[in-house]
1. Residues of the range 35-75 with backbone nitrogen within less than 20 Å of a virtual label 7 Å along the Cα-to-Cβ line of LEU187, please, listed as ranges.
2. Highest first, please rank the peptides 177-184, 94-101, 83-90, 142-149 by the mean number of other Cβ atoms sitting within 10 Å of their residues.
3. So if R0 is 41 Å, what FRET efficiency would GLU111 and ARG56 give, r being the distance between their Cβ atoms, rounded to the nearest 0.05?
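Every read-out reported here was derived from the displayed coordinates using simple, explicitly stated rules and does not represent laboratory data. Note that the structure is predicted; figures quoted are calculated from it, not measured. Positions of Cβ are backbone-derived with ideal geometry, glycine not excepted, and every protein chain shown enters the neighbour counts.
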Amino acid sequence: GLLALRDDDPRRAEQVLSRVRTNSTLVSEGLYLLGIARARNGSVHRALQTWQRVERFPVAWPGVAEARLARVWGYSESGHHREALTTAERNHAYLERSIERLDRLREKVREHGVARLIRSELQGDRDLVEFLRGSRNHTRSPLIAWVLEYVADGGDPEVAPARLDAGFLGFLAEEREQLVGFRDRNLRQQALVYEQVALRQTDRPVQRGGWE
């Protein structure tokens, strides 16, 4: 699907991406890209519906923050500026909360270590490495979502605890920078929508009143 988008073939991309299963580890990014394909095919309304489905997934997953910003564009492109501004405001609050939670998680990892934090959330005596190499659909907490994404990104859960902590903290630092970037892009989108609304009001014909 991504290759089809890069080849400027949105129809083929939509056909491929619409087959992404909801239990797939690629579902969030797949739905985000599916929305792009549908928008390029001229169906912004269907794209907005697709991007809204992504919001139920954790922010740690690829495509989740991107889909939120895409909805602002979609509403603005459709001329629904009030919805675009409302979505941008919600995005800002969401991203601020996500950054704050990520900062608290980083502090907990520094204090307790990631292995101890994970074991405190696992039920029973499951093997830690086996769990981390399992499905990304285990998202009972932000910690689990971020750790599983770290492993999916190439992080090795079998290294010594100190190396695991260092690698995970480095990964979280990079992810924090990305969230800050999404927050700043969302603010720029919001400012652009305000500008579009102001221009529309300026272009309206002057109505004659009883004061002339």
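1. Answer for the range 35-75: 65-73.
2. 142-149, 83-90, 94-101, 177-184
3. Efficiency, rounded to the nearest 0.05: 0.85.
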